[in-house]
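Visitor: Okay, here's the structure, questions in a sec.
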Amino acid sequence: SGPRWTGSHPLLLAVKRREQGRPMSRTGRDPLPSASAHTGTKRRVLHLAPFLWSGAGKAITSLVDLQRTQYRVALVTTPPSDELRNWAEYERQLARAKVPHQHIDLFHRDAATFWASVEAVRAHLVATKPHIVHAHAGVPTAVALLARERLSRQVVVVSQVHSWGVGRPAWMNT
C-alpha cells in the first residue's frame with residue numbers, strides 16, 4: 001500500500017535537523033544549500049499543490065512552515081470552487097506563518113483551465129524567480145514543467161505525488 005505520512009518524513013527530518021543547528025543529512029551536505037555565496041540571499045522555494053487537505057495537506061503545510069525559517073517559501077494552490085477548497089486549519093497555519101499564498105487552478109484538467117494555469121504559473125515563475133519548484137501532484141508537476149519550458153532560465157522542479165498506490169480511493173481520480 002506504499003508509504004504513509006508520518007512525522008518522520010525525510011524532508012521534514014532534514015529541516016528539523018537544520019533548525020536544531022545540526023547538519024541536514026548524515027553526510028553534512030545540505031540538500032537545498034543557500035542561494036549564492038555571492039548574493040547572500042536565501043534560496044527561494046515555490047510549492048504547488050491542488051489543495052491542502054487530508055494527510056498530504058498536513059505534510060505540505062508542515063514542510064512549508066518548517067522550510068520558511070531557512071528558505072524563502074511560497075505556496076500556490078487551487079482557488080475554492082464548489083465544495084473543493086483547502087482545509088481551513090492549514091490555511092490558518094500558513095497565514096500565521098506569513099507564508100505567501102496565491103491561487104492558480106492546479107486541479108481541473110480541462111484544456112482551457114490547464115493551459116491558462118500553465119501561463120499563470122509561468123508568469124508567477126518570472127515574477128518570483130524561485131530556485132526550486134516543489135510540485136505535490138501530477139497536474140501541478142505537468143503545469144510546472146510546461147511553464148518552465150517557457151523560461152529563459154533554469155528552475156529545478158521536484159515532483160512528489162501523494163496518495164498514489166494500490167489502495168488509492170476512487171474519489172481521488174476525479
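Visitor: Working only within region 51-74, note down all residues that are in a loop (DSSP other than H, G, I, E, B) and surrounded by fewer than 23 Cβ atoms within 10 Å (Cβ to Cβ).
Guide: Within region 51-74, the subset in a loop (DSSP other than H, G, I, E, B) is 51-53, 68-71.
Hits for region 51-74 are Phe51, Trp53, Arg68, Thr69, Gln70, Tyr71.
Visitor: Condition (residue is under 22 Å from Arg43 (Cα atoms), more than 16 Å from the chain's Cα centre (by Cα) and of a type outside the set (D, E, K, R)) applied to region 71-92: is it met by at least one residue? Before you say what the answer is, go through the steps one by one.
Guide: Quick first cut of region 71-92, residues under 22 Å from Arg43 (Cα atoms) only: 71-77.
Retained after the next criterion (residues that are more than 16 Å from the chain's Cα centre (by Cα)): none.
No - not one qualifying residue is present in region 71-92.
Visitor: Please indicate, with yes or no, whether at least one residue in region 51-58 is at pLDDT 55 or above, in contact with a strand residue (DSSP E or B) (Cβ under 9 Å, 6 or more places away or on another chain) and within 16 Å of Val158 (Cβ to Cβ). Talk me through it step by step, then tell me what you get.
Guide: Restricting attention to region 51-58, the residues satisfying the condition of being at pLDDT 55 or above are 51-58.
Now narrow it down to the ones that are in contact with a strand residue (DSSP E or B) (Cβ under 9 Å, 6 or more places away or on another chain): 51-53, 56-57.
When the remaining residues are screened for being within 16 Å of Val158 (Cβ to Cβ), the result is 56.
Checking region 51-58: at least one residue is at pLDDT 55 or above, in contact with a strand residue (DSSP E or B) (Cβ under 9 Å, 6 or more places away or on another chain) and within 16 Å of Val158 (Cβ to Cβ).
Visitor: In region 110-136, what residues are open to solvent by less than 40 Å² (accessible area, probe 1.4 Å), closer than 17 Å to Arg44 by Cβ and not in a loop (DSSP other than H, G, I, E, B)?
Guide: Hits for region 110-136 are Val121, His124, Leu125, Ile132, Val133, His134, Ala135.
Visitor: Regarding region 144-151, can at least one residue be identified that is within 16 Å of Gly57 (Cβ to Cβ), open to solvent by less than 70 Å² (accessible area, probe 1.4 Å) and either among the aromatic types (Phe, Trp, Tyr) or part of a loop (DSSP other than H, G, I, E, B) (or both)? Working first, answer last.
Guide: First pass over region 144-151, keeping only residues within 16 Å of Gly57 (Cβ to Cβ): none.
The answer is no; no qualifying residue exists.
Visitor: (1) farther than 13 Å from Ala49 by Cα; (2) modelled with pLDDT under 95: which one isn't true of Ala116, the others all being true?
Guide: It fails just one condition, (2).
Visitor: Report, ordered by the first and then the second residue, all pairs with beta carbons closer than 6 Å, sequence separation of six or more or different chains, a first member in region 68-85 that is of a type in the set (Phe, Trp, Tyr), and a second member that is not in a loop (DSSP other than H, G, I, E, B).
Guide: Cβ pairs passing all conditions: Tyr71/Val45.
Visitor: In addition: Could you list, in sequence order, all residues of region 86-109 that are within 13 Å of Phe51 (Cα to Cα), in a loop (DSSP other than H, G, I, E, B) and charged (D, E, K, R)?
Guide: Residue satisfying the conditions is Asp105 alone.
Visitor: Scan region 75-109 for residues that are farther than 19 Å from Gln160 by Cα, open to solvent by less than 30 Å² (accessible area, probe 1.4 Å) and touching a His at 6+ places or on another chain (Cβ under 7 Å) and jot them down.
Guide: Leu94
Visitor: Hey, another quick one. What are the pairs with Cβ atoms under 6 angstrom where one residue, in region 108-127, is farther than 21 Å from Gln154 by Cα and the other, located anywhere, is among the acidic types (Asp, Glu) and open to solvent by less than 70 Å² (accessible area, probe 1.4 Å)? Sequence gap at least six, or different chains.
Guide: Short answer, once both residue conditions are applied: Thr113/Asp105.
Visitor: Shifting gears a bit: Is it true that Val139 is buried (at least 17 other Cβ atoms within 10 Å of the Cβ) and either in a loop (DSSP other than H, G, I, E, B) or at pLDDT 90 or above (or both)?
Guide: On the way: buried (at least 17 other Cβ atoms within 10 Å of the Cβ): yes; either in a loop (DSSP other than H, G, I, E, B) or at pLDDT 90 or above (or both): yes.
So Val139 fits the description; yes.
The values are calculated or read from the model by the stated rules, or taken from the named source; none is laboratory data. This is a predicted model, so every value here is computed, not measured. Don't worry about glycine lacking a Cβ; one is built from the backbone with ideal geometry, like all the others, and counts go over all protein chains shown. Protein only, heavy atoms only, side chains kept; ligands, DNA and RNA dropped before computing areas. Shrake-Rupley method; radii C 1.70, N 1.55, O 1.52, S 1.80 Å.
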